[in-house]
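Heads up: the structure comes next, in structure tokens.
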Protein chains: 2
Amino acid sequence: MSNILGIDIGGTNICYGVVAEDGEFLYQNSIKTSTVASAEDLAAQIKKDLGKKHQVSGIGIGAPSANEISQSIEHAPNLEWGDIVPLKAIFEEEFDIDTYVVNDANAAAMGEKFYGEAQEMDNFVVITLGTGIGMGSYVNGNLIIGANGLAGELGHTVVRRNGRECNCGKFGCLETYIAKNGIVKTAKEKLEFSSGGSMLQSISPSNLSPAEIFKSARREDPVSLEVVDTVTRDLAFAISYLINILDPECVFLSGGISKNGNLLKRKTEKHLKSFVLPNLRDKASVKISSLNDKNSGILGAAAASRNKSGATA
Amino acid sequence: MSNILGIDIGGTNICYGVVAEDGEFLYQNSIKTSTVASAEDLAAQIKKDLGKKHQVSGIGIGAPSANEISQSIEHAPNLEWGDIVPLKAIFEEEFDIDTYVVNDANAAAMGEKFYGEAQEMDNFVVITLGTGIGMGSYVNGNLIIGANGLAGELGHTVVRRNGRECNCGKFGCLETYIAKNGIVKTAKEKLEFSSGGSMLQSISPSNLSPAEIFKSARREDPVSLEVVDTVTRDLAFAISYLINILDPECVFLSGGISKNGNLLKRKTEKHLKSFVLPNLRDKASVKISSLNDKNSGILGAAAASRNKSGATA
């Protein structure tokens, strides 16, 4: 089979590349999302950039708020291309090449299935931890899409009743605690009530980030350790539902925040013990995605294009 | 295709019947579970009862704590037939007929798929509400079994952190609040702190049951209404995870407690609004299983036998 154009649409950057069947990149580039006026503009810019250098036989696009049934982006909070963006139609019009649109977290799951550690697994989950929280999962060897193309809204499961207000209008959503802003908010709250000194106080509040907080926690800063403890307890609470309900072989953590590797994994596993049925406790492992260092978004989108029939089998 | 022997093993009764392909019962009988010494004894008793009256081409057994991968009952708290009971092997030895063992909640889901309202659905969940809480679900048209045959442990998802102690060793499991004993316990707690009179006070504590509590709630008894409100809020909390994660077309409520029909459904739907992502709120419906009045356990076990290849496709 020939090469695929994989596109990973994010709120900050849009990365794309030409991917060979074995997952090798033949070409790679990116565009700042803010410089793209519309999906039509994006298609035209990428087509112009590729020119005649690279022939591709398919296009796979991973995007936030993508509905795989309608093949459109629907109400994406971080994109200003309109409420409903019929991405597949727009790219097929520009390129005249078969295009498949996949939710970004499902793309991550497909990346894991076709190029990562899940190649032999029929039942696994990938959680993407970053500005938002996403989830893609395989059951019986097929991706869960849902009756309305909306499966995988782990970020909006409630982990604390009457908890923090979420953009979605509900209270206590996982995203408000373990996405980037949620972690920083918890750190600020804890700093306010902390009597002793904390390494975090040497960082200006506007520079406070999950990476800094995890770094300080690894250096035994008590406030940072508390933040990591709280964050991983909430994450474990949500993961326990996945394990109790789906009985997966593995839960992969992927995305920016998952780069805090070992500490994140160890603390999450510790808290899982309080929430997971004893029978299942040692059966599902939590792993940091080994694709974190590659561009797994592009790889996943390319895999989605190659295997789209498998996604809805 | 010919007739199937469906067996529904419960903690109190074991019901069985010969089911034709269209779901009609050709014969039905039951045995008190306490009078059965072992799975071998059960197989022998049923074989003797059927005698030569009914020829069957397959056997389907729905059982609590059944692992569909090992085809055994594993550590069932309400059965005293040993820790690991290789049910398929025992029945095939006695009958010399192909036998398939399915988790009782998965049997309920298969009953719904083959004889109930889910015949046209590819994505749905059945929750069984009774002495324990079970769950069976279809994704992409196939039953979720899990990597270890243990999917569907909804009863042991935590709905209240640091909540009631559960038999499984954890705290705050759904089962401790919405299974039969949990509902009665909540009523007793509320009665203790209630100043005014309650219809429930006219019932001796040992006769207090979910049916009585729901009956009083329908007659506007304030304490009973509070109990129903609490119970349905916890149930909705757990269901919201199913909807956010799986995006099913419908969540069916089945089993003894679900016979409290309309009130249970209405209050659960009301509470779901606080927990489900707005996008998904009007998409998944909650329904009381229309199979409640039939012997859905036997029907589901028979369906499991007929369609076992579909369960793990």
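Can you say what percent of the DSSP beta bridges in chain B, counting only those with both residues inside, are antiparallel? Round to 5. Let's see the in-between values first.
Numbers: 27 of 46 bridges.
Of those bridges, close to 60 percent are antiparallel.
What are the semi-axes of the equivalent ellipsoid of segment B:199-313, taken as the square roots of 5 times the eigenvalues of the Cα gyration tensor, listed largest first and rounded to whole Å? Don't skip to the end; give the middle numbers.
On the way: eigenvalues 169, 92, 20 Å².
Rounded to whole Å, the semi-axes are 29, 21, 10.
Counting C-alpha atoms alone, how compact is chain A: give Rg to one decimal and Dmax as a whole number, in angstrom.
Taking only Cα atoms of chain A, I get Rg and Dmax of 19.7, 63 Å.
Might you report the magnitude of the Cβ-based charge dipole of segment B:93-205 about its Cα centre, with Lys and Arg at +1 and Asp and Glu at -1, to the nearest 20 debye?
Numbers: 9 positive and 14 negative charges, 206 e Å.
Using only the charged Cβ atoms, the result is roughly 980 debye.
Would you give the gap between the C-alpha center of segment B:204-232 and the C-alpha center of segment B:72-105, rounded to a whole Å?
Here the two parts' Cα centres lie 37 Å apart.
Net charge around B:G136, counting only other residues with Cβ within less than 12 Å of its Cβ (Lys, Arg = +1; Asp, Glu = -1)?
On the way: positive: B:K113; negative: B:E68, B:D104, B:E112, B:E153.
Counting the neighbours of B:G136, the net charge comes to -3.
State the antiparallel share, in %, of DSSP beta bridges confined to segment A:120-288, rounding to the nearest 5. Could you put the intermediate results ahead of the total?
Numbers: 10 of 19 bridges.
Percent antiparallel among DSSP bridges in segment A:120-288 is about 55.
What lysines could a cross-link reach from A:K53, if we take a straight Cα to Cα line under 24 Å and drop same-chain neighbours fewer than 8 places away?
By straight Cα distance, A:K53 reaches A:K32, A:K88, A:K294.
Let me know the mean shielding of A:264-277 by other chains, meaning the per-residue number of their Cβ atoms within 10 Å of its Cβ.
Working: counts 0, 0, 0, 0, 0, 0, 0, 0, 0, 1, 7, 8, 6, 10.
That average works out to 2.
List the GluC sites (Glu not before Pro) within segment B:87-179 that fall in a DSSP loop (any state other than H, G, I, E or B) and whose Cβ has at most 12 other Cβ atoms within 10 Å. Before the final figure, lay out the partial values.
Details: sites: B:E92, B:E93, B:E94, B:E112, B:E117, B:E120, B:E153, B:E165, B:E175; in loops: B:E117, B:E120, B:E153.
The qualifying sites are B:E120.
Please identify the trypsin sites (Lys or Arg not before Pro) of segment B:197-279 that satisfy two criteria: DSSP loop assignment and at most 14 other Cβ atoms within 10 Å. Which are they?
Details: sites: B:K215, B:R218, B:R219, B:R233, B:K259, B:K265, B:R266, B:K267, B:K270, B:K273; in loops: B:R219.
Answer by residue number: B:R219.
Can you list the copy-to-copy distances for A:D282, using a point 7 angstrom from Cα toward Cβ, in nanometres, shortest first?
Inter-copy label distances (nm, one decimal, shortest first): 5.0.
Near A:K267, within a Cβ-to-Cβ distance under 14 Å, what is the net charge of the other residues, with Lys and Arg +1 and Asp and Glu -1? Mind showing how you got there, number by number?
On the way: positive: A:R218, A:R233, A:K265, A:R266, A:K270, A:K273; negative: A:E220, A:E226, A:D229, A:D234, A:E269.
With Lys, Arg at +1 and Asp, Glu at -1, the net is +1.
Looking only at other chains, what is the average number of their beta-carbon atoms within 10 angstrom of each beta-carbon in A:125-131? It would help to have the intermediate numbers written out before the result.
Values: counts 1, 0, 0, 0, 0, 0, 0.
Average per residue, whole number: 0.
Under the convention of a label 7 Å out along Cα→Cβ, give the distances in nm from B:E117 to the same position in every other copy, shortest first.
Values, ascending and in nm: 4.3.
Name the residue from A:S137, A:V276, B:A66 whose Cα lies farthest towards the positive end of the charge dipole of the protein assembly as shown, charges +1 on Cβ of Lys and Arg and -1 on Cβ of Asp and Glu.
Working it through, the farthest residue towards the positive pole turns out to be A:V276.
Choose one answer from B:V125, B:V139, B:V231: the residue with the largest mean-square fluctuation in a GNM of chain B with alpha-carbon springs under 10 Å.
Of B:V125, B:V139, B:V231, the most mobile in the Gaussian network model is B:V139.
Return one number: the angle in degrees, 0 to 90 and rounded to the nearest 10, between the long axis of the Cα atoms of helix B:104-115 and the longest principal axis of the Cα atoms of chain B.
Between helix and principal axis, roughly 80 degrees.
If you put +1 on each Lys and Arg Cβ and -1 on each Asp and Glu Cβ, how big is the dipole of segment B:11-161 around its Cα centre, in Debye rounded to 20? Present the calculation step by step, with values, prior to reporting the outcome.
Details: 9 positive and 21 negative charges, 87 e Å.
It works out to roughly 420 debye.
Averaged over its residues, how many other protein chain Cβ atoms are within 10 Å of peptide B:160-173's Cβ atoms?
Details: counts 1, 8, 1, 0, 0, 0, 1, 0, 4, 3, 7, 2, 2, 3.
Taking the mean over all residues of the peptide, I get 2.
Of B:G51, B:G11, B:G146, which has the largest mean-square fluctuation in a 10 Å C-alpha GNM of chain B?
The residue that fluctuates most here is B:G51.
Binned at 20 Å from 0, what are the whole-percent values of the Cα-Cα distance distribution for the protein assembly as shown, short to long?
With 20 Å bins starting at 0, P(r) equals 19, 48, 28, 5, 0.
Show me the GluC sites (Glu not before Pro) within segment B:1-59 that DSSP assigns to loop and that have at most 13 other Cβ atoms within 10 Å of their Cβ. All intermediate terms of the calculation are to be shown ahead of the outcome.
Details: sites: B:E21, B:E24, B:E40; in loops: B:E21, B:E24.
Here the sparse-neighbourhood loop sites are B:E21, B:E24.
Which of the lysines could be linked to A:K287 by a straight reach, that is with a Cα gap under 27 Å, when you skip same-chain ones fewer than 8 residues away?
Filter leaves A:K113, A:K180, A:K185, A:K215, A:K259, A:K265, A:K267, A:K270, A:K273, A:K308, B:K170.
In nm, one decimal, shortest first: how far is the label point of B:E93 (7 Å from Cα along Cα to beta carbon) from the matching points in the other copies?
6.9
Quote the charge dipole size of chain A about the Cα centre in Debye, to the nearest 20; the model charges only the Cβ of Lys and Arg (+1) and of Asp and Glu (-1).
Working: 31 positive and 37 negative charges, 227 e Å.
For chain A, the charge dipole is close to 1080 debye.
Just to check, using Stokes-Einstein with a Kirkwood Rh over alpha carbon pairs, what's the diffusion coefficient of segment B:120-288 at 37 °C and 0.692 mPa s in µm²/s?
On the way: Rh = 16.5 Å.
The diffusion coefficient I find is 200 µm²/s.
With n ≥ 4 as the cut-off for DSSP H runs, can you work out [θ] at 222 nm for chain B, using -39500 (n - 2.57) per run divided by the number of residues, rounded to the nearest 500?
For chain B, the value works out to -11500 deg cm²/dmol.
Could you tell me what percent of the DSSP beta bridges with both partners in the protein assembly as shown are antiparallel, to the nearest 5? Before the final figure, lay out the partial values.
Working: 54 of 92 bridges.
Counting DSSP beta bridges with both partners in the protein assembly as shown, the antiparallel share is about 60 percent.
Values quoted throughout were computed directly from the atomic coordinates according to the rules given, and no laboratory measurement underlies them. All figures in this text were calculated on a predicted structure; none of them were measured in a lab. As a convention, Cβ positions derive from the backbone with ideal geometry for all residues, glycine included, and neighbour counts pool all protein chains shown.
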